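Single-structure report; data block below.
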Amino acid sequence: MTNTVPEINSLTGTADSGATPATITFADFGLDPKIQKAVSEQGYNTPTPIQAQSIPHVLAGSDLMGAAQTGTGKTAAFVLPIIQKILRHASSSASPARHPIRALVLTPTRELAVQVAENAASYSKHTDLRAAVVYGGVDMKEQVAILRNGVEILIATPGRLLDHIGSKVANLSQVEILVLDEADRMLDMGFLPDLQRIIDLIPGQRQTLLFSATFSPEIKKLAQSYLRTPVTVEVARQNAAADTVKQVVHMVASADKQRAIMKVLEARTRQGLSRQCIIFTNSRLGCARLARALERDGIKAGAIHGDKSQGERTLTLDAFKSGAIEALVATDVAARGLDIPSMPCVINHELPFNAEDFIHRIGRTGRAGSKGDAIALVDDSEKRLLDDIERLMKRKLEVAPLPTVKTEPGQTSDPFFYKPYEAGSAPKAATTDAVNEKPEEKKVGITPAKPSVGALLGGFKKK
Ligand code: AMP
């Protein structure tokens, strides 16, 4: 069954079809006053489109496939009705036996797990339900203590959850609702066998919700295996980027890409635009190198990739959010799930090997109806990748010259490389980092990291 609510493209935006925007309010869902109170305290007035479409179905007990990216409000779309549904089990008893896991949310990355857990903790803060998060790369001890105490809503990355199940600390026999968040990414990261093992331990009489940015054939297969006649809700056209994103391709030789970034940032300054940007790279090493090189050139840059510890990632992200860093250089996996609101600009230092990753990358900008720029620096060797992306998005991307930089006295021409793109005319690319280096943790899932800052280690205290 497909939901008939018109397609809506932004967080609080209006429907594509020109239909009247949904006038539904949080009160219409009939949520318990304890949940309503938490929602009001978050400052949410109107449900986002994914919330308006999903919450009634989840409350009604349907399985659901939601096509929505991070940034659309999808977390509350499943967390709020989950809290409502398991509220009847809430208990003030200290006994762990009274707090079995009732809802399990699986996510591909620890960052996303932490974000979901923070949301679950704040939406449930006026109830006796407990929410906690477990993920790999950090010591298990604190997580074990939290699990032993009992928790109704558990958010987990698959590998670490299996570790806890193996040591008999986590038991899924009373799980009523299962959420597979960013399921496409979980498959990309090779988590399918882990997912299968976990799902086999959950009672068949469960409600299953699957969220994914795209509905690839693999995702549909996963849904067929584990969901029962799911309702499908979509808030953005399949495989399309938000209309608020202006996309442009600059043809640049690999060796000139760093200078091209400088040029783009300088042009933004001159136009009075924010210089805050995420720059995507394909490999950890390339990511670290580019961040260092930009810093040497006077750009406030930070790197976020799989070799960074959780503590380092958190510090970098905080610095980026506060504006102390203006260019966040990231790999796909590390950036996945990060909640960075209203990002004005995304730069692809190189194109991703997987066209769908391009859509995830540019989905970082143009959120919540705000305008964004997505810039791709493409060399001749990436032409095939560009073709794949254009085929997936069903549109040609505009190829434009790099912005011209200020001419210094005595300088007669643009000092930076620029060559308009013509088939076969782009210069032979120098070897890119991506070619010689291992791509970011596609297969391994969670990379072990040093123990991180206390707040992120395990459970979430009620605020
Ligand atoms: P998510 O897609 O779940 O990561 O949410 C993206 C952002 O939207 C988060 O910062 C949420 O706090 C925020 N958000 C979620 N629901 C609403 C709402 N109904 N109104 C305003 N902001 C919201």
Being open to solvent by less than 10 Å² (accessible area, probe 1.4 Å) and either of a type in the set (D, E, K, R) or within 16 Å of CYS345 (Cα to Cα) (or both) is the requirement here; does LYS257 meet it? yes
Output for segment 177-205, where each listed residue is over 20 Å from the mean Cα position of the chain (by Cα) and crowded, with 20+ Cβ neighbours inside 10 Å: ILE177, ILE198, ILE199
Of the residues SER322, SER309, which is more than 15 Å from the ligand (Cβ to nearest atom), modelled with pLDDT under 85 and outside the structural domain of THR72 (by TED's automatic domain parsing)? SER309
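To keep it simple, each residue is scored yes or no on (1) open to solvent by 70 Å² or more (accessible area, probe 1.4 Å); (2) within 16 Å of the ligand (Cβ to nearest atom); (3) modelled with pLDDT of 85 or more; (4) assigned to a helix (DSSP H, G or I).
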{"residue": "ALA334", "(1), (2), (3), (4)": "no, no, no, yes"}
{"residue": "PHE358", "(1), (2), (3), (4)": "no, no, yes, yes"}
{"residue": "LYS396", "(1), (2), (3), (4)": "yes, no, yes, no"}
{"residue": "PHE417", "(1), (2), (3), (4)": "no, no, no, no"}
{"residue": "ALA423", "(1), (2), (3), (4)": "yes, no, no, no"}
{"residue": "LYS428", "(1), (2), (3), (4)": "yes, no, no, no"}
Looking at ARG270, ARG275 in this structure, which one is in contact with a Lys or Arg (Cβ under 7 Å, 6 or more places away or on another chain) and open to solvent by 10 Å² or more (accessible area, probe 1.4 Å)? ARG275
Considering every residue within segment 217-239, establish whether at least one is in a loop (DSSP other than H, G, I, E, B), open to solvent by 40 Å² or more (accessible area, probe 1.4 Å) and either assigned by TED's automatic domain parsing to the domain that holds ARG364 or under 28 Å from GLU111 (Cβ atoms) (or both). yes
Out of everything in segment 99-111 that is within 15 Å of the chain's Cα centre (by Cα) and either at pLDDT 90 or above or of a type in the set (Ser, Thr, Tyr) (or both), what residue ends up being nearest to ARG206 (Cα to Cα)? VAL105
Considering residues of segment 55-86 that are aliphatic (A, V, I, L, M) and surrounded by fewer than 18 Cβ atoms within 10 Å (Cβ to Cβ) only, the residue nearest to the ligand (Cβ to nearest atom): LEU59
Only listed residue being within 16 Å of the ligand (Cβ to nearest atom) and charged (D, E, K, R), chosen from ARG98, ARG110: ARG110
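The values are calculated or read from the model by the stated rules, or taken from the named source; none is laboratory data. All of these numbers come straight from a predicted model, not from anything done at the bench. Backbone-built Cβ (ideal geometry, glycine too); neighbour counts: all protein chains shown. Keep in mind that these areas ignore ligands, DNA and RNA; they rest on the heavy atoms of the full protein, side chains included. Shrake-Rupley method; radii C 1.70, N 1.55, O 1.52, S 1.80 Å.
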